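**Q** Before anything else, here's the structure in question.
Each reported figure results from applying straightforward, stated rules to the coordinates on display, with no laboratory input. Since this is a predicted model, take the numbers as computed values, not measurements. Counting neighbours? That spans all protein chains shown, and the Cβs are built from the backbone with ideal geometry, glycine included.
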Amino acid sequence: MIATQPLQRQRLQVQGVVQGVGFRPYVYGLATCLGLTGFVGNDSSGVFIEIEGPPDQLRAFQAALQSSLPPLAHLEQVTAVLIPVCGDQAFAIVASQTQATASTLISPDLTVCDDCLRELFDPQDRRYGYPLINCTNCGPRFTITEAIPYDRPLTTMRAFTMCAHCQAEYDDPSNRRFHAQPNACPVCGPQLWLQWPDQCAHAPSSNGQAPTGQSALLAAQTVLANGGIVAVKGVGGFHLACDATNEQAVMTLRQRKGRVDKPFAVMVADLDAAYKIVHINAHEAALLQSRERPIVLLKKRADGPLSPQVAPGNDTIGIMLPYTPLHHLLFAAPLPRQQPAATRHSPPATYLVMTSGNFSNEPIVIDNDEAQVRLAGLADAFLLHNRAIYVPCDDSVVRVCQGQELPVRRSRGYAPFPIKLPFALPPTLAVGGELKSTFCLVREQHALMSQHIGDMEKLETLQAFDHAVDHFQRIFRVTPERIAYDLHPGYLSRRWAEEHRAGHPLIGVQHHHAHIAAVMAEHGLAQDEQVIGLAFDGTGYGHDGAIWGGELFAGGYANFRRVAHLAYVPLPGGDAAVKKPYRMALAHLWAASVAWTEDLPPVAAAAPTESAIIQQQLARRLNVVATSSIGRLFDAVAALAGVRQEITYEAQAAIELEVLADREQSGSYAFGLPAADAELATPYQFSAAPVIRAVAADVQQGVSAGAIAMKFHRAVAQLILQLAQKARSATGLTRVALSGGVFQNVLLLELAGTLLEADNFTVLTHRLVPPNDGGLALGQAVVAGVRLLEEERP
């Protein structure tokens with residue numbers, strides 16, 4: 001006779017991304033398979049489970065719980081306690097519970113799944129051709145969520161009552177759409193239509209004037225084929241689309257959008273089409289096809305069919321694959337069952353420019369009525385649907401460097417998934433910087449990074465920032481106890497912090513300290529660990545009122561010591577020197593005692609009157625500010641080499657200098673470093689003057705811009721190694737953290753990383769947040785939190 005085990009009952013609390021991702025039906029199936037009883041449900045902190053059965057089966061349940069999760073689920077923590085046996089007869093899924101102070105994580109918006117794609121193109125399926133198809137494993141999440149727990153009444157889908165078929169799917173634990181909150185079909189769900197700029201945006205026309213459904217798609221494809229521009233409503237906002245092979249269409253979009261040279265992103269029909277226009281390695285292919293579906297920056301093919309105006313002056317293009325069912329339908333041939341027999345139709349595009357639906361430097365448009373106003377002068381037609389977007393979320397952008405992902409913009413597909421911190425921190429809000437604005441809300445060991453919001457230069461962006469902060473605080477139920485901000489007195493983010501402090505302490509964090517702290521947090525460094533930090537960028541307000549940007553630090557989260565910096569050079573005219581690199585080049589020539597002769601491109605670029613004014617400014621220190629920026633040095637060298645004298649978008653000169661660099665060139669310039677016995681004066685300075693003199697001489701001798709660019713990149717990489725070596729000798733530290741916008745430069749990152757690793761340094765670079773100011777808020781939050789912990793330490 002076999003002895004039966006006594007029954008036990010456990011209550012499990014599961015935290016992570018476990019709502020709206022099919023986790024409850026997964027638990028239901030697992031428990032039923034193991035013959036266990038009890039129930040599972042959502043609450044405001046995640047998922048609760050009560051499970052009853054023999055101890056061996058309970059152990060098998062817990063082991064299996066984490067071994068084969070649903071595609072979108074991610075477990076952070078599972079806690080289990082024994083409770084009294086209840087004698088349940090079956091396992092059930094119960095109603096959600098709301099807790100006022102608890103919170104859970106929310107899934108980002110991810111690409112449409114393979115199962116939904118099969119249904120989308122299956123003539124026998126009731127969702128055949130339905131452009132808003134989704135299920136538990138895919139579709140909108142973050143952008144439709146207004147509050148938690150993640151249930152349909154708390155999303156923008158509450159406006160649509162499910163039909164009997166959809167409701168049956170929603171209620172069936174064995175169905176892929178069980179409790180899929182955006183569940184819908186052509187009968188009961190949101191609808192698609194196309195309209196012209198002078199038509200009402202509220203809903204499809206009842207008199208048949210506005211094409212709907214498949215007819216709307218056919219009409220949009222026709223507009224695109226004829227060189228028109230279509231505003232396409234996506235999952236996190238509008239795109240402006242045009243045929244990327246049609247030069248006139250691309251130029252028209254540039255003119256209307258006010259985007260002179262900045263590259264456009266291109267959506268391609270499939271991976272095979274991508275191989276025809278860019279070079280793709282295995283890691284890049286995996287990123288393109290990942291469930292996050294970011295824009296991946298890839299090297300152009302010289303013989304590709306795209307218009308040169310897609311990315312002028314650039315050897316890379318941002319490529320993405322379709323990630324919504326609507327995108328897939330835009331690239332597809334007309335669906336046979338739905339196309340009238342007599343209809344003639346242009347072939348669908350293979351390559352579409354897909355750029356954010358906005359004017360330059362404005363937030364992305366998310367609302368139909370708003371689109372009719374703000375995009376009226378940009379689009380020839382609007383492809384709309386009436387599923388409301390609650391949260392704007394632009395496309396993410398990544399590069400691959402040395403086989404690793406390097407974020408450039410972290411947004412759709414990634415936000416609001418948290419960065420896991422190596423230690424718990426008090427509730428903190430960090431408001432980031434001015435450009436590439438993001439914020440960070442900290443809850444214990446979760447750094448909840450916002451989606452990309454934009455440049456904080458306009459009222460519209462400030463309003464979008466305010467809405468996003470409010471949304472994060474509500475859905476994650478975090479009330480910050482302090483606000484961290486950048487020291488720059490003119491930043492709107494700082495002004496916002498001061499106006500919204502509501503009695504909370506304000507903690508200023510130096511710009512470059514925040515950059516290095518962000519890298520440290522990404523790599524899980526402990527609270528008391530220290531690194532050598534190199535922060536190279538264009539602009540960051542320093543403790544002395546100067547504009548920093550070429551900084552060598554040593555220290556940790558709580559405190560950093562500025563060990564060295566690029567010798568200050570006057571920045572003539574402030575922003576004028578940023579937008580006109582020739583002015584920065586003239587300042588560097590002046591600082592290096594190089595005569596302004598007409599055979600130097602920046603001298604020739606300045607009108608005689610302007611040149612005279614700049615000379616007076618530099619000599620008398622009028623309307624100038626001191627800068628140690630390596631980013632501005634890149635601008636100066638680009639101007640000196642004749643690459644770019646004026647820019648139309650941020651970092652254009654530096655980007656084009658990287659593009660031109662001749663990899664076959666083995667030479668290098670050299671910075672001026674102090675003698676060993678001069679390092680006692682801290683912080684010491686290193687000088688760009690020898691580099692400037694050598695570049696000017698090469699220009700006058702007719703050396704190519706490509707050779708100059710490569711010699712300069714090698715010089716900066718060698719400088720990084722030399723600075724790290726000096727810091728190691730003084731401190732004994734061997735880990736080097738690299739951050740700041742300059743380290744978006746893959747050529748420099750590869751050169752410097754190779755040199756550092758060969759000299760036995762451990763190199764820390766960004767993998768989760770961008771090295772540019774889009775990652776700044778993470779560093780601010782960690783610095784502010786650790787400082788508070790240090791103050792409270794006995």
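**Q** Quick one: P(r) of the range 343-395 from all Cα-Cα pairs, 10 Å bins, percents rounded to integers, in order of increasing distance.
**A** Calculated P(r), rounded to whole percents: 19, 48, 26, 7, 0.
**Q** Go through 230, 134, 282 and say which Cα lies farthest out towards the positive end of the charge dipole of the chain; charges sit on Cβ, +1 for Lys and Arg, -1 for Asp and Glu.
**A** Of the listed residues, the answer is 230.
**Q** Related question: Of the listed peptides 53-65, 548-560, what is their order by residue-averaged count of other C-beta atoms within 10 Å, with the highest listed first?
**A** Answer by packing, highest mean first, reads 548-560, 53-65.
**Q** Does the chain classify as rounded, prolate or oblate by the C-alpha gyration tensor (a ≥ b ≥ c root eigenvalues; a/c under 1.5 gives rounded; else a/b over b/c gives prolate, otherwise oblate)? Before the final figure, lay out each step's value.
**A** Values: a/c = 2.13, a/b = 1.36, b/c = 1.57.
Since a/c reaches 1.5 but b/c is at least a/b, the shape of the chain is classed as oblate.
**Q** Expected output is a single nm value to one decimal: the length gained when fully extending between residue 68 and residue 622, i.e. 0.36 nm times separation in residues minus the C-alpha distance. What is it?
**A** 192.8 nm
**Q** With r as the distance between the Cβ atoms of residue 299 and residue 276 and R0 = 22 Å, compute the FRET efficiency 1/(1 + (r/R0)^6) and round to 0.05.
**A** According to the calculation, E is roughly 0.95.
**Q** Still on this structure, I have one more. Rounded if a/c is under 1.5, else prolate if a/b beats b/c, else oblate: with a ≥ b ≥ c from the C-alpha gyration tensor eigenvalues square-rooted, which is the range 398-546?
**A** rounded
**Q** I'd like the antiparallel share, as a percent to the nearest 5, of DSSP beta bridges with both residues in the chain. All intermediate terms of the calculation are to be shown ahead of the outcome.
**A** Numbers: 83 of 113 bridges.
Percentage antiparallel, nearest 5: 75.
**Q** Peptides 452-462, 664-674: what's the order by average Cβ count within 10 Å, highest mean first?
**A** Highest-to-lowest ranking by the protection proxy: 452-462, 664-674.
**Q** Right, here's the next one. Is the shape of the range 561-648 best called rounded, prolate or oblate, per the rule: a/c under 1.5 gives rounded, else a/b larger than b/c gives prolate, else oblate, with a ≥ b ≥ c the square roots of the Cα gyration tensor eigenvalues?
**A** prolate
**Q** Label-point separation (nm) for residue 758 and residue 93, each offset 7 Å from Cα along Cα-to-Cβ?
**A** 5.8
**Q** Averaging over every viewing direction, what projected area does the convex hull of the Cα atoms of the range 428-514 cover, in nm²?
**A** The number I arrive at for the range 428-514 is 5.3 nm².
**Q** Here's a follow-up. Just to confirm my numbers, what's the Cα centroid distance between the range 233-284 and the range 394-423 in Å?
**A** 21
**Q** Near residue 372, within a Cβ-to-Cβ distance under 14 Å, what is the net charge of the other residues, with Lys and Arg +1 and Asp and Glu -1?
**A** Net charge around residue 372: -3.
**Q** Net charge near residue 250, counting Lys/Arg +1 and Asp/Glu -1 over other residues with Cβ under 13 Å of its Cβ?
**A** It works out to a net charge of +2.
**Q** About the Cα centre of the chain, how large is the charge dipole given +1 on each Lys and Arg Cβ and -1 on each Asp and Glu Cβ? Please answer in debye to the nearest 20.
**A** Using Cβ point charges on Lys, Arg, Asp and Glu, the chain gives about 180 debye.
**Q** Another one. Per residue, what volume in Å³ does the Cα convex hull of the range 600-713 take up?
**A** Convex hull of Cα atoms, per residue: 135 Å³.
**Q** What spacing in nm lies between the two simple spin-label points modelled at residue 598 and residue 248, each 7 Å away from Cα in the Cβ direction?
**A** The modelled label-to-label distance comes out at 4.2 nm.
**Q** Around residue 46, which amide H atoms from residues at least 5 apart in sequence, or from another chain, sit under 5 Å from its own amide H, with H modelled in the peptide plane?
**A** HN-HN under 5 Å from residue 46: empty list.
**Q** Please report the spacing between the Cα centers of the range 450-480 and the range 52-94 in Å, no decimals.
**A** The distance from the Cα centre of the range 450-480 to that of the range 52-94 comes to 37 Å.
**Q** Which whole-number percentage describes the relative contact order of the range 562-707, with Cα contacts under 8 Å and a sequence gap of 6 or more?
**A** Result for the range 562-707 is 33 percent.
**Q** Follow-up question, since we're still on this one. Between residue 576 and residue 685, 0.36 nm times their residue separation minus their Cα-Cα distance comes to what? Let's see the in-between values first.
**A** On the way: separation 109, 0.36 × 109 = 39.24 nm, distance 2.57 nm.
Full extension of this stretch gives 36.7 nm more.
**Q** For the range 1-140, what number results from the quotient of the Cα radius of gyration and 2.2 N^0.38 Å?
**A** 1.22
**Q** Need one number: nm distance between label points at residue 444 and residue 420, each 7 Å from Cα along Cα→Cβ, rounded to one decimal.
**A** The modelled label-to-label distance comes out at 1.3 nm.
**Q** Taking 45 Å as R0, compute the FRET efficiency from the Cβ-Cβ separation of residue 289 and residue 164 and round it to 0.05.
**A** 0.80
**Q** Using packing as a proxy for protection, rank 172-182, 625-635 so that the peptide with the highest average count of other Cβ atoms within 10 Å comes first.
**A** Per-residue Cβ counts within 10 Å, averaged per peptide and sorted highest first, yield 625-635, 172-182.
**Q** Going 7 Å from the Cα of residue 662 along its beta-carbon direction, which residues of the range 711-736 have the amide nitrogen within less than 16 Å of the resulting point?
**A** Taking a point 7 Å out along Cα→Cβ of residue 662, the residues of the range 711-736 whose backbone N falls under 16 Å are 711-715.
**Q** Dimensions of the range 458-561 along principal axes (Cα, Å, largest first)?
**A** The Cα atoms of the range 458-561 stretch 37, 31, 22 Å along their principal axes.
**Q** Explain nothing, just compute: Karplus ³J(HN,Hα) = 6.51 cos²θ - 1.76 cosθ + 1.60, θ = phi - 60°, for every residue of the range 283-294 in order, whole Hz, x for Gly and Pro.
**A** Per-residue couplings from phi come out as 5, 5, 4, 5, 5, 4, 9, 5, 5, 6, 6, x Hz.
**Q** Further question on the same structure: To the nearest 0.05, what FRET efficiency results for residue 793 and residue 543 with a Förster distance of 25 Å applied to their C-beta separation?
**A** The calculated FRET efficiency here is 0.55.
**Q** Residue separation times 0.36 nm, minus the C-alpha to C-alpha distance between residue 196 and residue 561: what's the value?
**A** 125.5 nm
**Q** Which value, in debye to the nearest 20, describes the size of the charge dipole of the range 72-199 about its Cα centre when Lys and Arg Cβ atoms bear +1, Asp and Glu Cβ atoms bear -1, and nothing else is charged?
**A** That gives the range 72-199 a dipole magnitude of about 120 debye.
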